[in-house]
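Asker: The following block contains the structure, expressed as structure tokens.
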Amino acid sequence: MDSMVENVMQAVLTPENLSSISSSVGGDETKVKSALEMGVPLIMGALSEKSSTAGGADMITSMLGQMGGDNPMDNIAGFLGGSGSSGGSNMVSSLLGSQMGTISNTIAQKTGLPPSVVKKVLEIATPIVIGQLGKMTGGNVDKAGLSSLLGEQSKMAMQSNPEAAALASQVLSKAGGPAGVMGSLKKMFGK
């Protein structure tokens with residue numbers, strides 16, 4: 001099975017796309033790259049957690065529908081240059097909720113970027129991850145299939161990225177226990 005995170009990272013880390021994202025958020029390319037490498041697996045974990053909750057799969061399906069025919073994975077440069085990336089704020093807020101601040105602050109500490117810049121990086125990355133999900137499913141998957149797919153993808157993402165796994169553990173300790181996204185990640189890693 002293809003890794004959604006690897007596909008997203010290959011797309012966003014081209015020199016042109018990384019430069020565009022960095023310019024858009026006002027951050028150093030090396031630091032923005034690190035923020036993406038930590039943030040994208042956490043977004044995957046958030047999607048996995050949401051898909052297994054009441055109404056969560058419907059929320060994700062709705063996010064897929066919001067893309068219409070404009071999947072960011074089809075034209076990342078166009079997505080970054082257009083107004084499409086502005087929808088990421090609502091998407092990432094829906095996924096991370098009250099844990100957004102903790103996650104942004106933790107990634108900021110690791111990368112040296114201000115938390116406000118990390119939040120912008122996550123706002124750009126979320127629709128791109130949702131777009132990759134749309135490409136993998138063809139936009140046609142039932143709730144159980146979506147939850148299963150996202151669970152497998154989330155586990156693959158964390159296992160292949162020790163830094164993201166360590167970040168999840170660090171965020172868990174700050175969040176004070178299992179709640180929402182961080183609770184799911186805690187279960188995944190047996191922490």
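The values are calculated or read from the model by the stated rules, or taken from the named source; none is laboratory data. These numbers come from a predicted model, not from an experiment. Don't worry about glycine lacking a Cβ; one is built from the backbone with ideal geometry, like all the others, and counts go over all protein chains shown.
Asker: What do you reckon, is Ser89 surrounded by 14 or more Cβ atoms within 10 Å (Cβ to Cβ), touching a residue at least 40 places away in the same chain (Cβ under 8 Å) and of a type in the set (Ser, Thr, Tyr)? Quick ask: steps written out before the conclusion?
Answerer: Details: surrounded by 14 or more Cβ atoms within 10 Å (Cβ to Cβ): yes; touching a residue at least 40 places away in the same chain (Cβ under 8 Å): no; of a type in the set (Ser, Thr, Tyr): yes.
Considered against the rule, which asks whether it is surrounded by 14 or more Cβ atoms within 10 Å (Cβ to Cβ), touching a residue at least 40 places away in the same chain (Cβ under 8 Å) and of a type in the set (Ser, Thr, Tyr), Ser89 comes out as no.
Asker: Please indicate, with yes or no, whether at least one residue in the range 134-147 is buried (at least 16 other Cβ atoms within 10 Å of the Cβ), hydroxyl-bearing (Ser, Thr, Tyr) and either at pLDDT below 75 or within 16 Å of Glu37 (Cα to Cα) (or both).
Answerer: No, the range 134-147 contains no residue that is buried (at least 16 other Cβ atoms within 10 Å of the Cβ), hydroxyl-bearing (Ser, Thr, Tyr) and either at pLDDT below 75 or within 16 Å of Glu37 (Cα to Cα) (or both).
Asker: Here is a further query. What's the total number of residues in the range 22-56 that are more than 16 Å from Thr126 (Cα to Cα) and surrounded by 19 or more Cβ atoms within 10 Å (Cβ to Cβ)? Explain how you work it out, then say what you get.
Answerer: Within the range 22-56, the subset more than 16 Å from Thr126 (Cα to Cα) is 23, 26-31, 52-55.
In the following step, the residues that additionally are surrounded by 19 or more Cβ atoms within 10 Å (Cβ to Cβ) were identified as 27, 31.
Qualifying residue count for the region: 2.
Asker: Further, regarding this structure: In the range 15-49, what residues are under 27 Å from Gly151 (Cα atoms) and among the β-branched types (Val, Ile, Thr)?
Answerer: Step one: filter the range 15-49 for residues under 27 Å from Gly151 (Cα atoms), giving 32-49.
Across the range 15-49, the qualifying residues are Val32, Val40, Ile43.
Asker: Which members of the range 100-113 meet the condition of being surrounded by fewer than 21 Cβ atoms within 10 Å (Cβ to Cβ) and either closer than 16 Å to Val40 by Cα or without any contact (Cβ under 8 Å) to a residue 60 or more places away in the chain (or both)? Walk me through it before giving the result.
Answerer: From the range 100-113, those surrounded by fewer than 21 Cβ atoms within 10 Å (Cβ to Cβ) are 100-102, 105, 108-110, 112; that's our starting set.
Once the filter is applied, which keeps residues that are surrounded by fewer than 21 Cβ atoms within 10 Å (Cβ to Cβ) and either closer than 16 Å to Val40 by Cα or without any contact (Cβ under 8 Å) to a residue 60 or more places away in the chain (or both), the range 100-113 yields Met100, Gly101, Thr102, Asn105, Ala108, Gln109, Lys110.
Asker: Same structure again: Do the conditions hold for Leu18, that is, is it of a type outside the set (Gly, Ala, Ser) and in contact (Cβ under 8 Å) with a residue 24 or more places away in the chain?
Answerer: Working: of a type outside the set (Gly, Ala, Ser): yes; in contact (Cβ under 8 Å) with a residue 24 or more places away in the chain: no.
In short, no.
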